[in-house]
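Below is one structure, written out as structure tokens; comments come after it.
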Amino acid sequence: MHYSQFLHLIDIFGTAAFAIAGAFSAMERRLDPFGVLIIAFVTAIGGGTLRDILVGNLPVSWLNNSTAIIVIMSSALATMFFGTYLKHLQTALFLFDALGIGLFTIIGLEIAVQKEFSAIVCVALGTMSACFGGVLRDVLLNKVPLIFRREIYALACIAGGTAYYFLRRSALDEDVSKILCIGLIFLIRWLAVRYKLVLPRFYKQPELNG
Amino acid sequence: MHYSQFLHLIDIFGTAAFAIAGAFSAMERRLDPFGVLIIAFVTAIGGGTLRDILVGNLPVSWLNNSTAIIVIMSSALATMFFGTYLKHLQTALFLFDALGIGLFTIIGLEIAVQKEFSAIVCVALGTMSACFGGVLRDVLLNKVPLIFRREIYALACIAGGTAYYFLRRSALDEDVSKILCIGLIFLIRWLAVRYKLVLPRFYKQPELNG
Amino acid sequence: MHYSQFLHLIDIFGTAAFAIAGAFSAMERRLDPFGVLIIAFVTAIGGGTLRDILVGNLPVSWLNNSTAIIVIMSSALATMFFGTYLKHLQTALFLFDALGIGLFTIIGLEIAVQKEFSAIVCVALGTMSACFGGVLRDVLLNKVPLIFRREIYALACIAGGTAYYFLRRSALDEDVSKILCIGLIFLIRWLAVRYKLVLPRFYKQPELNG
């Protein structure tokens, strides 16, 4: 199997993992089937959509990506019908999600690099591509976004994105660089979950007037 | 009266119905007059704005649509000053709203068809045009969006949009097709409210870790 | 010092004041450092981002504005490390914030004028540039936006923006007009806070069915 086929598989399974996680969140909030479908979509394509809008890649990419649409709809339907079975696949879903954020970070960063933004903006747009679907999902479900309180998720993307930003100028083959950085993001994410690593949160402080 | 004039009237009264519904929601949340105006706007133009952004129709259409702006501002002001009287028009407001979502679905779908998106994306963009203003309103008012828990609203748009997607290729006159499909959406919406039809919601399930 | 340098200083200090206010809100909600950084960013650039998207100025301007990015990141870090000291600067922060909304209103309005929108849309886009960062911040922190319940904030922008819309056609020097209108917005805001001026809010009303 070629590297690019491997990346394509990650894309599909990562998208599915995002959609399934979104559908579960929506079902936990007792939405109806239409709401579950929308939340699955927003979780899976929200990050890339925001990135496309900010940089001006319009129409946003998923509108012309039938594969993604079919994968998301099937994942949402499967979650609604076979939710209890899918829960036994938690480990697999975590793995796909962790690979997915790795790939989506790299994809977002590549698009930013082509538009010649500064290093910091490229890494930010990569991280946004991977993480912002979850933010939009939480906003629609009326929660404070989870990743603002569990930062090793975004931090993994920032680390892997920064590594890729510099590796892509090296002599290394492009696909190999990608896979290395996806691996790095995956590793950080796995370590964070395995050892329950979290950064400290701020204590509640008295309000600033004005 | 020509069909196109009829469609124009639906546009105006539908926009007003959306703005009035938004203004009432904002007043129920005890916002100030500025907040009520903004929520009326977002409810009326939110769906079309999101559609325009996603497909790249920028500047978004309402910025150049003085009629819509005047209709929305007048509706919001009327609701603030004469709210208690407007409540006696509940049935009329429901009718305009139901006609409005029909028209906005068709308008959104037409724009998507011109951009040559797939059938599923066209119907989705049509439904989004009609329904997303209410979603944004609920997000700004800090609620889980109502239509994710009352799906016959969006479902009516999906049904009517799908019908129009196929009818528009038929020998039927375009304006007649439009009016038939707006009627279909109206009918489904009316039946849903009349007979209190709702799809089942999901039960609360234990959380998925990760 | 030339007027334009003065405006440049307001830009930097205003952006910092927005970012610091955002960071404080995030810390009060007990977010982690990543969340605090994101909320600081959204508060500072949210209004201009929405304006750029609606009018089609893509990529949105802050992606190419390294100064703003550095100012926001430094402000967020400073707030996290020296928050308790910054609280002693409350008055200074209020002054910068009030000058900032003045400048951002004028900048947004200028962009709208160049695109030849109607007077009402120009003033609306100016006000949005100044006020919408705070709206997005509140949505992400899961609150009903504060400015929908404290209207003298947006009202000051509307008043100053309207004044500038007409002054810019007068014989007055452009930079002088700008500074006068920023002063007007500042004055209204200062009077509102000094004398605790607020518009009445609506009483809770019975819900509208449908």
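Computed from the coordinates by the stated procedures, all read-outs in this text should not be read as laboratory data. All of these numbers come straight from a predicted model, not from anything done at the bench. A quick note on method: Cβ atoms are made from the backbone with ideal geometry, for glycine too, and the neighbour counts reach across all protein chains shown.
Tabulated results
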quantity: Theoretical FRET efficiency, 1/(1+(r/R0)^6), r = Cβ-Cβ of C:Leu146 and B:Lys196, R0 41 Å, to 0.05; calculated: 0.65
quantity: Charge dipole magnitude, Cβ of K and R +1, D and E -1 - the range B:8-98, Cα centre, debye nearest 20; calculated: 140
quantity: Shortest-first nm distances, A:Glu116 label point to equivalent points in other copies (7 Å, Cα→Cβ); calculated: 3.0, 3.0
quantity: Cα gyration tensor category, rounded, prolate or oblate, for the range B:65-160 with a/c compared to 1.5; calculated: prolate
quantity: Computed Rg/Rh of the range C:90-210, alpha carbon atoms with Kirkwood Rh; calculated: 1.03
quantity: Label point 7 Å beyond Cα along the C-beta direction, distances from A:Leu9 to other copies (nm, shortest first); calculated: 6.2, 6.2
quantity: Rotationally averaged projected area of the range B:5-195 (alpha carbon convex hull; nm²); calculated: 10.6
quantity: Helix-only CD estimate at 222 nm, as mean residue ellipticity for the protein assembly as shown, using -39500 (n - 2.57) per DSSP H run (n ≥ 4); calculated: -25500 deg cm²/dmol
quantity: The range B:45-98-the range C:73-88 distance, computed between alpha-carbon centres (Å); calculated: 42
quantity: Rounded FRET efficiency, nearest 0.05, which uses the C-beta distance separating C:Ile12 from C:Leu77 and R0 of 25 Å; calculated: 0.95
quantity: Choice from A:Gly56, A:Gly160, A:Gly35 showing the highest fluctuation, given a GNM over chain A with Cα pairs closer than 10 Å; calculated: A:Gly56
quantity: Gaussian network model of chain B, springs between alpha carbon atoms under 10 Å - residue of B:Thr127, B:Thr49, B:Thr15 with greatest fluctuation; calculated: B:Thr49
quantity: Inter-copy spacing of C:Leu77 label points, which lie 7 Å from Cα along Cα→Cβ, given in nm from shortest upward; calculated: 5.1, 5.1
quantity: Over chain C, relative contact order from alpha-carbon pairs under 8 Å, at least 6 apart, %; calculated: 23
quantity: Three-way shape label, the range C:55-100, alpha-carbon gyration tensor, a/c 1.5; calculated: oblate
quantity: With 10 Å bins from 0: P(r) over the protein assembly as shown, alpha-carbon pairs, percent; calculated: 3, 16, 26, 27, 19, 8, 1, 0
